[in-house]
Amino acid sequence: MNLRSKLPNVGTTIFTVMSQMAHDYKAINLAQGFPNFPPSAELLDAATNAMQRGLNQYAPMAGYAPLRERIAEKIEHCYQRRVNPDTELTVTPGGTAALFAAMMAIVHAGDEVIVLEPCYDSYLPTLELCGASVKRVPMSFPDYSIDWDAVQQAVSPKTRMLVLNTPHNPTGSILRKIDMERLATIVSNTDIIILSDEVYEHITFDGERHESVLRYPELAERSFVVSSFGKTFHVTGWKTGYCVAPAALTSEFRKVYQFMNFASFTPAQVAFAEILANKSHYETLSRFYQSKRDYFRKQMEGSRFEMLPSHGSYFQLARYSAISDMKDSDFAVWLTKTHGVAVIPVSAFYADGTDNHVIRFCFAKTEETLELAAAALRKV
């Protein structure tokens, strides 16, 4: 058959490639962003009990009502914003599905969308499916801050959406109050919709506060905000997240979402509704992951890798210029095959393959795993 691809330039994601390579070469997988330790017994028991109680059929399309209520309470507790759980909140099968639905709901063919690079790899293919004209604005290397003057210059009367991500994957950078204030100035008196990817919202370090757009009324009223229970509760395989948006945006979001998936996994939703009653699960998460970041960085002392700052998420970037002048994609393959540690090349997060000789480690691992990986990396 003569097939015409809608994504002719898209292949297998780098995460799949490197994880498969880690498996094939029996390497330590610091590439794909998932924990290698179990979630809490409380969460597992709650999901098991939900299944045993017969809660195994469709939840409502918008999500299990008690869970939406708990999420609304969490948002008010964390960001002092009250959202309506019936009209402004939708539970989805992971954050990526929510990002997809939001883009498909709002972006029309020919609309301009501003994306900051490097960026999570689902953004650009989804916008290509929308028929969008993407304006890619590079973050400033090596601190990966946002050049707001460049963002302002990218805005035009055709700009429909601006995509944010904080804490940032892959760089570990975060947005601060001054960034949000500048963003508010840029979008004021425009029709620009903000899509804010905040799946690592509870993982910030060194006393830094997560600056959700939900803290800022002038931004929240024009924003989709996406989060992920998988990142917060160490269950990435459960694929459960949610999207918060004003009622008018949520209405458009649900028009698309209902034909993508209709409902997320019910037992997980019941379990999250129960566990959210205990705020300590997410209030202590930053401290938990900061200890892992610090442990990994300490173990990497004496290596020839230059560790860049990590202010949030569970990722650590490192330069390897003192080791090799190979392209980062080649270096990642070489490191996996030769030294038994799989990583992600940061060029994979740029549409044009910008290569600053930087790789990404995931430190959401046990101390034993981090020790073994660092021991191998110190020999490079």
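The values are calculated or read from the model by the stated rules, or taken from the named source; none is laboratory data. What you are looking at is a predicted structure, and each value in this text was computed from that prediction instead of being measured. Neighbour counts run over all protein chains shown; Cβ positions are idealised from the backbone, glycine included.
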The conditions are (1) free of Cβ contacts under 8 Å to residues at least 40 places away in the same chain; (2) among the hydrophobic types (A, V, I, L, M, F, W, C); (3) surrounded by fewer than 18 Cβ atoms within 10 Å (Cβ to Cβ), and Leu129 fails exactly one of them. Which is it?
(1)
Is it the case that some residue within the stretch 102-114 is acidic (Asp, Glu) and surrounded by fewer than 17 Cβ atoms within 10 Å (Cβ to Cβ)?
no
So for the stretch 24-34 (the condition being outside any loop (DSSP other than H, G, I, E, B), over 30 Å from Arg360 (Cβ atoms) and not assigned by TED's automatic domain parsing to the domain that holds Val235), does at least one residue qualify?
no
Residue check for Phe233: within 15 Å of the chain's Cα centre (by Cα), farther than 20 Å from Val113 by Cα and of a type in the set (Phe, Trp, Tyr)
yes
If the requirement is being crowded, with 20+ Cβ neighbours inside 10 Å, touching a Phe, Trp or Tyr at 6+ places or on another chain (Cβ under 9 Å) and not assigned by TED's automatic domain parsing to the domain that holds His202, which of these qualifies: Arg319, Arg360, Arg304?
Arg360
The conditions are (1) assigned to a helix (DSSP H, G or I); (2) in contact (Cβ under 8 Å) with a residue 24 or more places away in the chain; (3) farther than 29 Å from Thr232 by Cα, and Arg182 fails exactly one of them. Which is it?
(3)
Could you tell me whether any residue of the stretch 163-175 is modelled with pLDDT of 95 or more and in a helix (DSSP H, G or I)?
no
Might you check whether a residue that is among the aliphatic types (A, V, I, L, M) and surrounded by fewer than 23 Cβ atoms within 10 Å (Cβ to Cβ) occurs anywhere in the stretch 250-257?
yes
Per the filter on the stretch 126-146, residues closer than 14 Å to Ile114 by Cα and within 19 Å of the chain's Cα centre (by Cα) are Thr126, Leu127, Arg136, Val137, Pro138, Met139, Ile146
Residue check for Ala102: hydrophobic (A, V, I, L, M, F, W, C) and free of Cβ contacts under 8 Å to residues at least 40 places away in the same chain
no
Considering only residues that are of a type outside the set (D, E, K, R), surrounded by 18 or more Cβ atoms within 10 Å (Cβ to Cβ) and closer than 13 Å to Ala374 by Cα, which ones fall in the stretch 287-301?
Phe296, Gln299, Met300
Residue match in the stretch 50-60 (condition: within 21 Å of the chain's Cα centre (by Cα), crowded, with 18+ Cβ neighbours inside 10 Å and outside any helix (DSSP H, G or I))
no
Of all residues in the stretch 88-104, which are in a loop (DSSP other than H, G, I, E, B) and more than 22 Å from Ile192 (Cβ to Cβ)?
Pro93, Gly94
In the stretch 156-194, how many are farther than 28 Å from Phe229 by Cβ, crowded, with 16+ Cβ neighbours inside 10 Å and of a type outside the set (D, E, K, R)?
5
Within 28 Å of Met61 (Cβ to Cβ), in contact (Cβ under 8 Å) with a residue 60 or more places away in the chain, touching a Leu at 6+ places or on another chain (Cβ under 8 Å) and not basic (Lys, Arg), is that true of Val235?
yes
Residue in the stretch 195-211 that is nearest to the chain's Cα centre (by Cα), counting only those that are crowded, with 24+ Cβ neighbours inside 10 Å and outside any loop (DSSP other than H, G, I, E, B)
Asp197
When you scan the stretch 309-341, how many residues do you find that are touching a residue at least 60 places away in the same chain (Cβ under 8 Å) and within 21 Å of Tyr200 (Cβ to Cβ)?
9
How do the pairs read when you match residues in the stretch 193-211 that are more than 18 Å from Lys292 (Cα to Cα) and free of Cβ contacts under 8 Å to residues at least 60 places away in the same chain with residues anywhere that are surrounded by 21 or more Cβ atoms within 10 Å (Cβ to Cβ) and aromatic (Phe, Trp, Tyr), using Cβ under 6 Å and keeping only pairs 6 or more apart or on different chains?
none
